[in-house]
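The structure under discussion appears below in the form of structure tokens.
Bear in mind that the values in this text are calculations on the coordinates, not laboratory data. Nothing here was measured: the structure is a model prediction, and the numbers come from that model. Note that we place each Cβ from the backbone using ideal geometry, even for glycine, and neighbour counts take in every protein chain shown.
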Amino acid sequence: MHVGGPKPPNLIYGIPPQRVRKKHDELVAAGYVEATLKDGTIARRGIRKDRHTLLTAVASYPLLTEQVADGSADRAEYERWIELNIRWLKEMFGDRLVSVVEHVDEKHPHIHAFILPLDDASCSARHLNPAWQVKEEAEALARESGKPSKEAVKFGNRAYRARGRELQDEYFTEVGLPAGLTRLGPKRERLSREQWKQRKEQAKRDADLHRQMSERVESLADAEAQFNEDADQRAAEVANKLARVEELYEEALSAKGDAEAEAQEILRRAETKSAEMKQMARTELAQKTETLEQQASRLQSDRIAFEDEKQTVLRETVLRAASVTARVLIGVLTGSVRFDDTRSKLQFDDLRLAKDVERLEIAQLIEKVVVLVSKVWAKLTGILPTSEAEQEREQIAEVLRPISRPQSGEWSHDEGPR
């Protein structure tokens, strides 16, 4: 009744409100609570009419509804805010989040979320509220420690308010900050118009930085996945070689068996002729047996060598890539690694390092990491005094040096240290 011209809500997640009502009523009809009777037996009771059986949440956007209409300059940020809200609600409630709708028929656009206690036969929506859970735990703990009932309730209420504030802080971290919003409004903090303007501008800058960092983290994850895929491919190639060696080994064993059978036949025939022929057959059998055993032994050695090669190749590939990456990052901090004037290609003062990057073909994989470290280091050195910046540089380099010197042996003359 408080809306002059109400409009139907926009469904943005889950099922429509009408189906939420139906699902809720079915849940309550099937629900029950267990009661202990005077004789000690357990009886089931239906859900009382006054039980809280549905949890709702409301989130309102600070701009006016007409400011975030389709085609407006602020529409994209508003849609990102909605996306962040849904993700936060799904992480907190999982499948119990059954519906989220948008209202655009009031002064400020806002969303309503509906959460059902799907996994609770008693249909208690209060226990879906994290703050209520903390309140009950605090009250129970206070009673167990001997506090009177009233004091236990006060203790629980304080815990409830504290957890409620934590929920607001968590909401700001996961939704408000990435959406470019502030934690508190100007009146709450008694800010002037200019101070509030600066605070909002800073919030937008923080949101842009948060978005950029998220994108860079995703890019690094993709690069790592590609690196793992290449390593798996190399391992598969080595495994195929090993399988071929085992196949040859089996063929050698089979050939040995055939040769022994053939030699036995020769020996049988020789026994019918003369002792001399028998001796010749024995000699031939011994020679063939020795030759085949030597071949089988060599094939077994080759199989073991291939297995060792597989492990060595995988280990050295990872160590080389990690070592070169660490040396590049140290070079970024010391200025010996940087981008050219067009910022499209890395430049190295250390020609050996440049050769290692080219040989391992990891320039594209580490390029975004170098960009990120360069920007962060530039900002840090712009803020810190020279002495503190130099100390930070040395500490970071000290952490990276052990990685830049892997303990897997020495590289060949052409490849540099391993």
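Summary of computed values
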quantity: Percentage relative contact order, the stretch 213-404, counting C-alpha pairs under 8 Å, at least six apart; calculated: 24 percent
quantity: Kirkwood Rh in Å, taken over all unlike Cα pairs in the stretch 305-405; calculated: 14.7 Å
quantity: Debye log10 I(q)/I(0) for the stretch 213-404, one point scatterer per Cα, at q = 0.10, 0.11, 0.18 Å⁻¹; calculated: -0.62, -0.68, -1.18
quantity: Descending principal axes extents, the stretch 2-132, alpha-carbon based, whole Å; calculated: 69, 31, 22
quantity: Packing-based ranking, highest mean first, of 298-310, 379-391 given that Cβ atoms within 10 Å are counted; calculated: 298-310, 379-391
quantity: Highest to lowest packing among 319-330, 55-66, 27-38, scored as the average C-beta count within 10 Å; calculated: 319-330, 55-66, 27-38
quantity: Whole-angstrom gap from the stretch 246-302 to the stretch 97-114, using each part's C-alpha centre; calculated: 85 Å
quantity: Inter-centroid distance (Cα atoms) of the stretch 355-402 relative to the stretch 7-76, Å; calculated: 50 Å
